[in-house]
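See structure below.
Bear in mind these aren't lab numbers, they're just calculated from the coordinates by the rules spelled out. Note that the coordinates shown come from a computational prediction; the quantities given were computed from them, not determined experimentally. We place every Cβ from the backbone using ideal geometry, glycine too, and count neighbours over all the protein chains shown.
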């Protein structure tokens, strides 16, 4: 009887932690971390007092267990929230799935290999590799701000019906291939096209089978512009904050989930490493490094460096992962005037850099 009880205990532990001891997020088990819980309550109070603008959710996970979760301004646990450019980090993840499944050879493949239907592409375009897209060093002559500018490539593209992939591949180059960081929506759009052409299946179906089903993500919505994600490169996805946390946890676990390698370990590590140094800054942060559609190790205006990687979306959509403390923090909201303020919730209450 004792041996049978021990077997049951072992099975229960494996169910919680994964077959090789790697923890998954268990939303039914709360982490016992009094300090982080205390900080969460302080953050919650500040959010309710309006210190961080229009915040819709705060979710804190420690070592695969839920520490704190709250929703604001009518948003609920099962509400789908627009991810904005966090979508880029999810597209990188789906590419990792395609590499793991052997559909895409690797990030050093030339992009045009996966678009054989397009002829007479320039020699410069033919040199672009997948990793040039992932690191936003694609060399495309591409502009996305200001929004109302007549030469805003992204605004012009989303007002275009038809084949977005061909439009991007016909764009002029500026000879900065592999050198200069130029943040764009063109890059993830092409990555989506690469995945579905390689897998010979629509991007939304591939994402469901190899990522969402694996992580038990059942509720989501794709933007339907230009006829849906197959045509627009999965430009925008809507997800629950809990499911955004799963994406962060997947990278914290180096691509494993329930003992299965969902994305290659090497890809997960590279994606969240500082490939492009000091890629970009903003009024609150002096610089961010950049990996594969993930932002890395921001430095604030006071010179503090945060050893984290994060997915960032307009208006304050965030998946923030601190590997040292096995912490995943998800924040959603809508702050157009102060789009970077939400990230300081992590800085002020949860970062081990404090």
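I'd like to know if region 54-67 contains one or more residues that are over 20 Å from the mean Cα position of the chain (by Cα) and part of a loop (DSSP other than H, G, I, E, B).
Among the residues of region 54-67, at least one is over 20 Å from the mean Cα position of the chain (by Cα) and part of a loop (DSSP other than H, G, I, E, B), which makes the answer yes.
I'm trying to understand the selection: among the residues of region 235-269, which are without any contact (Cβ under 8 Å) to a residue 60 or more places away in the chain and at negative phi?
Matches in region 235-269: 243, 260, 265, 266, 269.
Give, as residue ranges, the strands (runs of 3 or more DSSP E) completely inside region 292-354 that count at least 3 residues that are out of contact with any helix residue (DSSP H, G or I) (no Cβ under 8 Å at 6 or more places or on another chain) and under 29 Å from residue 130 (Cα atoms).
Hits in region 292-354: 295-300.
Based on this model, can you work out whether residue 92 counts as touching a helix residue (DSSP H, G or I) at 6+ places or on another chain (Cβ under 6 Å), buried (at least 20 other Cβ atoms within 10 Å of the Cβ) and within 20 Å of residue 235 (Cβ to Cβ)?
Yes: the conditions hold for residue 92.
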